[in-house]
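Trainee: What follows is a single structure, and I will ask about it in a moment.
Readers should treat all values here as calculations from the given coordinates under stated rules, not as data from a laboratory. Here the structure is a predicted model, which means the values were calculated and not measured. Cβ placement follows ideal geometry from the backbone for every residue including glycine, while neighbour counts extend to all protein chains displayed.
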Amino acid sequence: MIRVEQLYKSFGPKPVLQGVNLEILDGETLTVIGGSGCGKSVLIKHLVGLLRPERGQIMVDGVDITRLTEQELTKVQGRFGYLFQGGALFDSLTVGENVAFGIRHLKPMPQFLLERRVSETLAMVGLSGVEPLKPAALSGGMRKRVGLARAIAYAPRYILYDEPTTGLDPIMADVINELILDLQRRLKTTAIVVTHDMKSAYKVSNRLAMLYEGRIIQVGSPEEIQHTTNPVVRQFITGSSVGPIKVPMAGPMSGKSQ
Amino acid sequence: MKEGVRSVVEPPLRWLGERFLTLAEALGQVTKLFRQTITWLYKVEARNVMAQMVEIGVRSFPVTSLTSLFTGMVLALQTGFSFRKVFNEPLYIGSVVGLSLVKELGPVLTAVVVAGRVGASIAAELGTMKVTEQLDALYTLGTHPVRYLAVPRFIACVTMVPLLTVYADSIGVLGGFFVAFVRHGVPSSVFWDEIRLIKLHECYHGLIKSIAFAVIIVVTACYKGFTCGEGAEGVGRATTSAVVVSMVLILVSDYFLSAALVALGIGR
Ligand SMILES: Nc1ncnc2c1ncn2[C@@H]1O[C@H](COP(=O)(O)OP(=O)(O)O)[C@@H](O)[C@H]1O
Ligand SMILES: [Mg+2]
């Protein structure tokens with residue numbers, strides 16, 4: 001179980017997280033929704049210790065990871081799989097080596113098993129025979145799927161998906177959605193998805209949480225969120241430009257303000 | 001009145017203070033990077049080290065050959081003319097060319113060339129990895145960027161730069177001999193006798209410095225890459241600054257290292 005308590009983080013003078021409270025139960029898929037730049041990536045980077053908060057606690061299986069040293073953190077990180085927003089594939093390695101990377105360093109196994117695991121995992125994300133390619137030879141959507149294969153190859157307990165469907169065509173997006181559901185059903189993985197794709201959010205989540213102005217303003221099941229009375233959440237899920245959410249407009253007076 | 005004084009005095013003081021804090025912080029981070037690199041030295045994958053040795057060492061041979069060859073040649077040319085003016089004949093070309101190369105120009109020029117070629121590429125590569133979240137990905141996949149990226153580059157640099165230096169010294173001396181023999185008519189036995197007079201500790205003087213320069217190059221480049229700013233602009237800035245900073249550090253530290261080594265009796 002993961003519990004986030006009163007998490008604060010700013011970059012320089014700019015506050016990003018201002019007291020986030022959130023609980024992720026074992027086996028569930030929780031989706032964090034929120035506008036671009038509201039701090040969704042920053043929030044999940046804290047969960048694996050990639051960023052350190054100014055204040056607050058992050059309890060992972062009963063341990064506050066904000067207080068761990070780098071060495072101790074490495075052990076915790078082995079329990080997490082992380083799909084990065086842009087894939088973050090190692091471009092000096094082949095696709096196969098990328099997918100094998102986590103297994104090599106976290107759960108070593110004999111070479112023949114490793115190779116089989118790599119091709120199985122790639123097949124799960126709808127790719128096969130791409131092992132010898134370099135990431136530069138792949139399309140954006142393929143890169144994302146390889147990134148996903150790399151994150152799940154070593155069967156982590158928790159998987160963090162940073163915008164798994166952004167930039168994919170609708171069919172491929174649905175393949176990824178099915179995959180997230182499948183992993184949850186078969187491997188009982190706990191997942192935290194970050195997205196602003198509402199279709200995907202409704203489909204994969206047990207619960208949704210809306211991040212707005214540095215705080216979680218509502219948590220609930222997909223039905224509860226769909227029938228919310230909170231005007232901010234309403235505006236976001238219906239995708240309307242009219243409402244309480246301030247939309248920074250391009251114009252001569254924009255720029256440093258906001 | 002008081003307010004006026006304050007408004008004049010405060011900005012430069014604030015600027016200085018901020019500069020000082022930034023520098024102190026950078027020094028702290030560099031020290032940490034260096035310490036981590038040393039602690040992980042033995043836990044490195046041989047495959048990665050080999051790849052870096054090829055990249056850093058082998059690929060630097062052509063440019064090192066050219067620079068040192070022409071440096072040796074121009075040294076012989078100029079020494080010959082200068083000493084002709086003083087002694088009426090081209091004396092001591094072998095000694096001047098040999099000693100300058102072995103103690104100073106070999107190590108410094110090789111380091112400067114490597115800083116430009118290798119320092120830039122390390123900073124750009126690591127910076128790009130930082131910007132595209134590959135460094136974060138390394139963390140989440142159970143490795144530390146310093147261990148996986150900095151350590152192999154460190155080992156490769158610290159072994160290959162002295163090797164390149166020895167090679168540069170030899171090529172430079174050959175170039176010097178060629179010009180001394182052909183242009184100034186120095187007999188080959190005279191030239192090589194003078195080269196043979198170079199003491200072993202004088203060679204150590206150059207080699208020790210080249211190891212220090214290698215450390216400067218690789219630590220600066222890794223630090224600049226790891227702390228790279230956002231986007232393509234950040235990578236560009238990290239690359240430039242890695243090259244400039246390491247070149248300045250090489251030339252400045254060269255003086256102090258030489259003085260210290262001579263004080264220790266190495267290469268007096
Ligand atoms: N390493 C960083 N340094 C400075 N600012 C950052 C950094 N990471 C994120 N930010 C800022 O934090 C805010 C939230 O970013 P992010 O979490 O990436 O947004 P998103 O919700 O789209 O994922 C952005 O305004 C971004 O500029
Ligand atoms: Mg993001």
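Trainee: Which length gain, in nm to one decimal place, applies between B:ARG59 and B:VAL252 when the Cα-Cα distance is subtracted from 0.36 nm times their residue separation?
Mentor: Additional length available on full extension: 66.8 nm.
Trainee: Okay, next question. Semi-axes, largest first, in whole Å: what does sqrt of 5 times each Cα gyration tensor eigenvalue give for the stretch B:202-268?
Mentor: Whole-Å semi-axes of the equivalent ellipsoid: 32, 9, 7.
Trainee: Any idea what the relative contact order of the stretch B:40-263 is, in percent, if you count C-alpha pairs under 8 Å spaced at least 6 apart?
Mentor: This gives 35 percent for the stretch B:40-263.
Trainee: Take chain A, connect every pair of alpha-carbon atoms lying under 10 Å apart with a spring to form a Gaussian network, then pick out the residue of A:LYS188, A:LYS199, A:LYS246 with the largest mean-square fluctuation.
Mentor: A:LYS246
Trainee: Calculate the dipole size of the stretch B:40-263 relative to its Cα centre from +1 charges on Lys and Arg beta carbons and -1 charges on Asp and Glu beta carbons; express the result in debye to the nearest 20.
Mentor: Once rounded to the nearest 20, the dipole reads 180 debye.
Trainee: Using alpha-carbon positions, what is the distance between the centroids of the stretch B:109-147 and the stretch B:206-268, in Å?
Mentor: Comparing the Cα centres of the stretch B:109-147 and the stretch B:206-268, I get a distance of 15 Å.
Trainee: Turning to a different aspect of this structure: Given Cβ point charges of +1 (Lys, Arg) and -1 (Asp, Glu) and nothing else, what value in debye, to the nearest 20, does the dipole of the protein assembly as shown about its Cα centre take?
Mentor: So the dipole magnitude of the protein assembly as shown works out to roughly 500 debye.
Trainee: Can you tell me, using C-alpha contacts under 8 Å and at least 6 residues apart, the relative contact order of the stretch A:69-143 as a whole percent?
Mentor: Here the relative contact order equals 40 percent.
Trainee: What average number of partner chain Cβ atoms lie no more than 10 Å from the Cβ of the residues making up A:92-102?
Mentor: Average per residue, whole number: 2.
Trainee: If only Cα atoms are counted, what is the Rg of the protein assembly as shown, and what is its Dmax, in Å?
Mentor: 29.5, 101
Trainee: OK, next. Pull out the extension gain between B:ARG268 and B:THR39, defined as 0.36 nm times the separation in residues minus the alpha carbon to alpha carbon distance; nm, one decimal.
Mentor: Going from the current span to full extension adds 79.0 nm.
Trainee: State which helices in chain A qualify, where a helix is a whole DSSP H run, it must extend 15 Å or more along its own axis by its Cα atoms, and its mean Kyte-Doolittle hydropathy must be at least -0.5.
Mentor: A:95-106, A:111-124, A:140-152, A:170-187
Trainee: While we're on this one: Go ahead and run the numbers for FRET between A:GLU224 and A:ALA155, Cβ-Cβ distance against an R0 of 35 Å, rounding to 0.05.
Mentor: 0.65
Trainee: Let me ask something else. Would you calculate the volume per residue, in Å³, of the smallest convex hull containing every Cα atom of chain A?
Mentor: Value for chain A: 146 Å³ per residue.
Trainee: Count, for each residue of A:78-89, the Cβ atoms from other chains sitting within 10 Å of its Cβ, then give me the mean as a whole number.
Mentor: Mean shielding count: 4.
Trainee: Explain nothing, just the number: dipole magnitude of the stretch B:61-132 about its Cα centre with +1 on each Lys and Arg Cβ and -1 on each Asp and Glu Cβ, in debye rounded to the nearest 20.
Mentor: 80
Trainee: Would you calculate the volume per residue, in Å³, of the smallest convex hull containing every Cα atom of the stretch A:1-92?
Mentor: Cα convex hull per residue, to the nearest whole number: 130 Å³.
Trainee: Where does helix B:151-182 land angle-wise versus the long Cα axis of chain B, in degrees 0 to 90, nearest 10?
Mentor: Tilt of helix B:151-182: around 30 degrees.
Trainee: Also, quick follow-up: Given the pairs A:LYS144/B:LYS32; B:LYS32/B:LYS224; A:LYS14/A:LYS45; A:LYS9/A:LYS199, which are separated by over 23 angstrom at their Cα positions?
Mentor: Check vs 23 Å cut-off fails for A:LYS144/B:LYS32; A:LYS9/A:LYS199.
Trainee: On a 0 to 90 degree scale, rounded to 10, what angle separates helix B:61-87 from the longest Cα axis of chain B?
Mentor: With rounding to tens, the tilt is 50 degrees.
Trainee: Could you pull the Cα extents of the stretch B:151-247 along its three principal axes, largest to smallest, in whole Å?
Mentor: So the three principal-axis extents are 60, 28, 18 Å.
Trainee: Please give the residues of the stretch A:39-82, grouped as numeric ranges, whose backbone N is less than 11 Å from a label point set 7 Å along the Cα-to-Cβ vector of A:ARG3.
Mentor: The answer is A:58-64, whose backbone nitrogens lie closer than 11 Å to the label point.
Trainee: Let me ask you something else. Other chains near B:120-133: what is the mean number of their Cβ atoms within 10 Å of each residue's Cβ?
Mentor: 2
Trainee: Another question, if that's okay. Which parts of the stretch A:1-26 would a label at B:THR22 reach, counting a residue when its backbone N lies under 19 Å from a point 7 Å out along Cα-to-Cβ?
Mentor: Counting only backbone N, you get A:11-14.
Trainee: Under a crude label model (7 Å from the Cα following the beta-carbon direction), how far is A:ARG79 from A:LEU181 in nanometres?
Mentor: 2.8
Trainee: On alpha carbon coordinates alone, what is the Rg over Rh value for the stretch B:40-263, Rh being the Kirkwood radius?
Mentor: So for the stretch B:40-263, dividing Rg by the Kirkwood Rh gives 1.08.
Trainee: Shifting gears a bit: In percent, what relative contact order does the stretch B:142-247 have, based on Cα pairs under 8 Å that are 6 or more apart in sequence?
Mentor: Relative contact order, the stretch B:142-247: 30 percent.
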